[in-house]
Amino acid sequence: MRIYWTFLMVVLGGVLVVGFTDHSLPEKIDSPAGLGKMLFNEKLLSKDSSISCASCHLPTHAFADTIALSVGIGGKTTKRNTPSVLNMKNRPYYFWDGRAASLEEQALMPIRHPDEMGLPIQEALYRLNQQAVYTQLFNKIFHQPANAKNLAAAFAAYESSLETVDSKFDDWGNRLSKLSASEERGRQLFIGSKAKCFDCHWMEDFTDDGFKNIGLFNGKNLNDSGRFLITHNKADIGKFKTPGLRNIAVTAPYMHNGMFTTLEEVVDYYNDPQKTVPDRIAIDPSLQKPLGLTDREKKDLVAFLKTLTDQRFSVAAKLSSK
Ligand code: HEC
Ligand code: HEC
């Protein structure tokens, strides 16, 4: 299977990414996606009107946050790192533990969540329906005032429009540009059997949409058991969803708990997980032995990861790496 996908990525990379054409941000305000964009930035949807979705999912940072744990209403911090909400359209589930099955289901959860926006949905709808601009838009688009269903639909439409396919890697796949020697070595490593990244980070968004334990659970200082909290199945202890890697250079810090601040640290970790977490529980078999990467190979891998940044964020990426 892996060889098959390696082949697809190498030979048909271009065709795969060409499949997505419309990746512009929605501008038309009277469309579900346009309304969703407005709502994504609407602080009224939090209890004290201080926080919007975009307070944690920063549009300048590929819709992720720049700190390990984000701050919600009243200075409360989230339990996990805020992931990017780009390239969500084709995911089978959402959140690090996969507890939401659709973007519609996911969207109302942060509004209600006491550590995030802390507002009952009825109250959120009441507030929206008090505002002339929203009554007009909801009526025009959905022929109804705001309700839980169309509110969720608007968020989902906006998030579905946030697909990114305009990176150096995509240009390479479309035969429009070449990778540097280091990036190309990194790509080979990424898909090869020495670094094994492609075992889990594959397909067009660099995720297998599976749940894996990469060794960041020891039941002590690292005590988020991830997927297990949802399924209560022992086999799921310490498993988190494999995140996609598009725009990864812009979304530091990394992992469900934001414990790594740079891509270099991430690659160092994968090279020898045992060194960082000697008492990890139930790590994936593919990561049981150190990878044995040289310093140059580690640099090459990072160089490849940086080719996955969409044009729209490359300026932000350069600024944050200074
Ligand atoms: C206070 C910070 C905060 C706010 C506000 C917030 N989020 Fe999030 N978001 C998070 C965190 C933290 C997670 C990961 C939580 C987890 O996996 O347990 C997350 C996860 C998500 C995911 C899943 C991403 C994935 O990779 O599966 C989506 C989609 C999302 N948020 C959309 C939204 C929307 C829409 C809003 C506004 C209605 C919103 N968020 C408001 C912090 C926030
Ligand atoms: C066994 C499956 C697996 C393998 C192999 C694997 N990863 Fe991951 N990767 C994951 C999972 C699962 C996470 C999230 C883990 C967590 O947060 O606890 C992750 C997280 C990451 C992150 C952080 C993403 C974010 O948004 O915070 C990066 C970067 C990354 N991996 C790169 C790599 C690279 C580079 C390699 C190869 C050296 C690799 N991965 C190998 C499954 C894997």
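Residue-wise test of (1) over 15 Å from D300 (Cα atoms); (2) surrounded by 22 or more Cβ atoms within 10 Å (Cβ to Cβ); (3) at pLDDT below 95.
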site	(1), (2), (3)
D199	yes, no, no
M203	yes, no, yes
F206	yes, yes, no
G210	yes, no, no
N213	yes, yes, no
K220	yes, no, no
L229	yes, no, no
N233	yes, no, no
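Taken over the stretch 90-105, the criterion of being within 16 Å of ligand 2 (Cβ to nearest atom) and in a loop (DSSP other than H, G, I, E, B) is satisfied by R91, P92, Y93, F95, W96, D97, G98, R99.
The rows are residues; the columns are (1) surrounded by 20 or more Cβ atoms within 10 Å (Cβ to Cβ); (2) more than 9 Å from ligand 1 (Cβ to nearest atom).
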{"site": "N81", "(1), (2)": "yes, no"}
{"site": "P92", "(1), (2)": "no, yes"}
{"site": "F95", "(1), (2)": "no, no"}
{"site": "A101", "(1), (2)": "no, yes"}
{"site": "E104", "(1), (2)": "no, yes"}
{"site": "E116", "(1), (2)": "yes, no"}
{"site": "L128", "(1), (2)": "yes, yes"}
{"site": "K140", "(1), (2)": "no, yes"}
{"site": "A146", "(1), (2)": "yes, yes"}
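Restricted to helices (runs of 4 or more DSSP H) entirely inside the stretch 207-322, those with at least 1 residues that are aliphatic (A, V, I, L, M) are 228-231, 263-271, 295-305, 311-320.
The set of residues in the stretch 266-301 that are farther than 16 Å from N213 by Cα, buried (at least 20 other Cβ atoms within 10 Å of the Cβ) and out of contact with any Lys or Arg (no Cβ under 9 Å at 6 or more places or on another chain) contains only K298. Could you say whether any residue in the stretch 15-31 is β-branched (V, I, T), modelled with pLDDT of 95 or more and not assigned by TED's automatic domain parsing to the domain that holds R187? No: zero hits. Take the residues of the stretch 53-79 that are surrounded by 19 or more Cβ atoms within 10 Å (Cβ to Cβ) and more than 24 Å from G244 (Cα to Cα): which is farthest from ligand 1 (Cβ to nearest atom)? Per the stated criteria, the residue is I73. Only one entry of L86, L108 meets the criterion of being assigned by TED's automatic domain parsing to the domain that holds S46, away from ligand 2 (no atom under 15 Å from the Cβ) and of a type in the set (A, V, I, L, M, F, W, C), and that entry is L108. For the stretch 73-83, which residues satisfy the criterion of being in a loop (DSSP other than H, G, I, E, B) and touching a Gly at 6+ places or on another chain (Cβ under 7 Å)? Those that are in a loop (DSSP other than H, G, I, E, B) and touching a Gly at 6+ places or on another chain (Cβ under 7 Å): T78, N81. Count of the stretch 89-103 residues, restricted to those that are without any contact (Cβ under 8 Å) to a residue 60 or more places away in the chain and farther than 22 Å from K47 by Cβ, is 4. Annotation: E123 fulfils all but one of (1) surrounded by 20 or more Cβ atoms within 10 Å (Cβ to Cβ); (2) charged (D, E, K, R); (3) in a helix (DSSP H, G or I); the unmet one is (1).
For the stretch 33-59, the set of residues classified as more than 16 Å from ligand 2 (Cβ to nearest atom) and either part of a loop (DSSP other than H, G, I, E, B) or more than 22 Å from A157 (Cβ to Cβ) (or both) consists of N41, E42, S46, K47, D48, S49, S50, I51, S52, listed by residue number.
The values are calculated or read from the model by the stated rules, or taken from the named source; none is laboratory data. Just so it is clear, the model here is predicted, and its values are computed rather than measured. Positions of Cβ are generated from backbone atoms using ideal geometry, with glycine treated the same way; all protein chains shown enter the neighbour counts.
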